[in-house]
Structure formats: structure tokens, C-alpha cells
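Here's the structure we're looking at; comments come further down.
The values are calculated or read from the model by the stated rules, or taken from the named source; none is laboratory data. Please read these numbers as outputs of a predicted model, since none were measured by experiment. Counting neighbours? That spans all protein chains shown, and the Cβs are built from the backbone with ideal geometry, glycine included. The accessibility values were calculated without ligands, DNA or RNA, using every heavy atom of the protein model including side chains. Shrake-Rupley method; radii C 1.70, N 1.55, O 1.52, S 1.80 Å.
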Amino acid sequence: MVTVLEKRELTPVTKLLVLHAPLVAKHAQPGQFVIVRLDPHGERVPISLTDFDPGRGTVTLVVQEVGKTSGMICSLEEGDEVLDLAGPLGLPAPFPGDGHAVLVGGGFGAGAIHPIARELRARGVLVTSIVGARTAELLILRELLEPVSDEYEVCTDDGSLGYHGFTAALLQERLEQGAPYTICYMVGPVAMMRAVAEVTRPYGLETLASMDPIMLDGTGMCGACRISVHGETKFACVDGPFFDAHGIDFEQAVVRSKMYVDEERVSLELAGAR
């Protein structure tokens, strides 16, 4: 069993959980993820690592409530136990030894880019972080990400803080102004990552997207998390989660992500009726 040591509410639907998981923390690397299962019959949910501390034996997760199971995870309290925490899974993110990286995080993605920014800074790479939220109140983890960024820029849909607009639009402006980025990492909603990929494509800027499609076993055996990259089938759990964004078939990824929308709705309705 894995125990919840700390819980913090970041927004009404987004929670931060610190879990005691010494073996996962010992082996975790930036860019990897875990799969959480709450009970023997429960759904297996992939969640990117926001932080890990081998000394304390802890891993930190940011979870956004979007369905029944994510809602159950968000409802965990300090002292509660998680049945399974499988990981670390996936390949670590690839890192250059120099240059200027721009990291784009949308919503919950602001947490997932934190360990990447920290590792890049440790390697001497300049880091610009661009994070987006619908409103200033929904911006998360600035206190974690800004200290490990050389530049930290905020975008809000309503203009309540920072740049008024989407992250892709701000990135477009920075590139047009001659920003000397040498690589781009992004974590967030598929629509955001697809937009960012189209912005960076004309500039030939290497762009890596973290994909989190539906997963079951997390070992590449079931094939549920397959995506198409440059026309080849890849499994996000073992070949990713980071892939060349300019080769990802985002249209297919969106379709596959909505395969069980009806079942998710029924599950939520049944849970609410209890």
C-alpha cells in the first residue's frame, strides 16, 4: 500500500498529493509517470510525476478531476492508502546539454513540466516556461516552477493575469520576435499541444509532446495506448510518453481519447445516484 502524506487543493477541481512511495521515488526520472489504481476492480489512471524526492521517499502528483476515477483520487485525504502505484513508467524525457528550452504547460501540465525544467537548469540549459490557465485563479504551482525557470510567462484565456490569450499564441509572438529557442517540451490538453506543434513546425524547432492516452497495463502488452507517429504505431507507455510532436497524428489521438465518453458519463451518473 502507498500512503497519502500530504494533500493540497490547487483549484476546486485540481489537487496535489504527496505519496510515500520510496521505490518509485528512488528510480524516477524527469518525464516519467505512474499508474494509480485505488481498488481491485478500479480503473488504472496514468499520471505524470510533478516531483520526486528519493531522500524522503515521496512522489508528488497533480490530479485534475475530469471523471469518476480522477474524482475518487482527488477525494483522497492525508493518511488514506492507495492500492497500487505502478512506476516509474515510460522513458525519461531526452535532454540536450546546452541551448535554450521553452516549456509549455497547459492547466495540469504546469506541474508535469516542473521536473523537466529543474533537470534542464541542472544541465546548464536556459529555460523559458510558458504556462496557461483559463483564469488567474486556476493558475497552479507558480511557486514550484518559476524558481527553476530563467523566464516564466503566464497566459490566461480571460486576460486576468499575464498574456491575454492561449500559450500557442504567445509562443508564436516570441518566435516571430526571434526568441532563440532550440527545443520545445509541452504537456497539457491535446488541443493545446496540437496548436503548439503547428506554431513551431515552420521554424523547424524540435518539439516534444507528452501523450497520455487511455492505458491499461502500462507495459506495452495491451496496446490500448497506441498512437501514430510519422505513420508508425507507438505505445505511449513504453515508447513515450514524449514523442516528436510534428509526427503525431493528433486527429487520431483525439478520436481515441473520446472512445469511452458515453461509458464515463454513465459511470458518473451511477456514482452520483449512490
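What are the extents of the Cα atoms of the range 219-262 along their three principal axes, in Å, largest first?
30, 24, 15
Please give the length that would be gained between ARG265 and VAL66 if that part of the chain were fully extended, namely 0.36 nm times their separation in residues minus their C-alpha to C-alpha distance (nm, one decimal).
Contour length minus Cα-Cα distance gives 70.6 nm.
Tell me, what is the FRET efficiency for VAL254 and ASP157 to the nearest 0.05, using R0 = 22 angstrom and their Cβ-Cβ distance as r?
0.65
Could you give each residue of the range 120-135 its phi-based ³J(HN,Hα) in whole Hz, using Karplus coefficients 6.51, -1.76, 1.60 with θ = phi - 60°, and x for Gly or Pro?
Karplus-based 3J(HN,Hα) across the range 120-135 equals 4, 4, 5, 8, x, 8, 5, 10, 10, 10, 10, 10, x, 8, 5, 9 Hz.
Select from the range 100-171 those trypsin sites (Lys or Arg not before Pro) which occupy a DSSP coil region and have at most 15 other Cβ atoms within 10 Å, ordered by residue number.
Here the sparse-neighbourhood loop sites are ARG123, ARG134.
Expressed in nm to one decimal, what extension gain is obtained for the pair ASP53 and ALA191 from 0.36 nm per residue of sequence separation less their Cα-Cα distance?
46.5 nm
If every alpha-carbon in the chain counts as one equal scatterer, what log10 I(q)/I(0) does Debye give at q = 0.07, 0.16, 0.17 1/Å?
After summing over all Cα pairs, the log10 values are -0.23, -1.34, -1.51.
Averaged per residue, what accessible surface does the chain expose to a 1.4 Å probe, in Å²?
46 Å²
Taking the convex hull of the Cα atoms, report for the range 136-260 its projected area averaged over all directions, in nm².
Result: a mean projected hull area of 9.1 nm².
To the nearest 10 degrees, how steeply does helix 261-273 sit against the main Cα axis of the chain, on a 0 to 90 scale?
Computed tilt is about 50 degrees.
Output ³J(HN,Hα) for the range 201-218: one whole-Hz value per residue in order, computed from phi by the Karplus curve 6.51 cos²θ - 1.76 cosθ + 1.60 with θ = phi - 60°, and x for Gly and Pro.
Residue by residue, the range 201-218 yields 4, x, 8, x, 7, 4, 9, 10, 10, 8, 9, 10, x, 4, 10, 10, 8, x Hz.
With Cβ to Cβ distances under 12 Å as the rule, what net charge do the other residues near LEU5 carry (K, R +1; D, E -1)?
After counting each charged neighbour, the total is -3.
Where the only charges are on Cβ atoms (+1 Lys, Arg; -1 Asp, Glu), what is the dipole of the chain about its Cα centre, to the nearest 20 debye?
Dipole about the Cα centre, nearest 20: 300 debye.
Among MET259, ALA28, ALA179, pick out the residue whose Cα is farthest towards the positive end of the charge dipole of the chain, where Lys and Arg carry +1 and Asp and Glu carry -1 on C-beta, about the Cα centre.
Towards the positive end, the residue furthest out is ALA28.
If you plug each phi of the range 78-83 into the Karplus form 6.51 cos²θ - 1.76 cosθ + 1.60 with θ = phi - 60°, what whole-Hz ³J(HN,Hα) values come out, in order, with x for Gly and Pro?
Values per residue, Gly and Pro as x: 4, x, 5, 10, 10, 4 Hz.
Could you check how much of the accessible area of the chain is carbon and sulfur, as a whole percent, using a 1.4 Å probe?
53 percent
Measure off 7 Å from each Cα along the Cα-to-Cβ vector at ARG8 and HIS41, then give the distance between these two points in nanometres to one decimal.
Roughly 3.6 nm, to one decimal.
Taking K and R as +1 and D and E as -1, what net charge do the other residues with C-beta under 14 Å from the C-beta of GLU251 add up to?
+1
Can you compute the modelled spin-label distance between CYS222 and GLU137, with each label point 7 Å from Cα toward Cβ, in nm?
3.7 nm
Please get the size of the charge dipole for the range 112-214, origin at its Cα centre, with Cβ charges of +1 on Lys and Arg and -1 on Asp and Glu, quoted in debye to the nearest 20.
260 debye
So which GluC sites (Glu not before Pro) in the range 58-133 end up in coil per DSSP with only 16 or fewer other C-beta atoms within 10 Å?
Answer by residue number: GLU77, GLU78.
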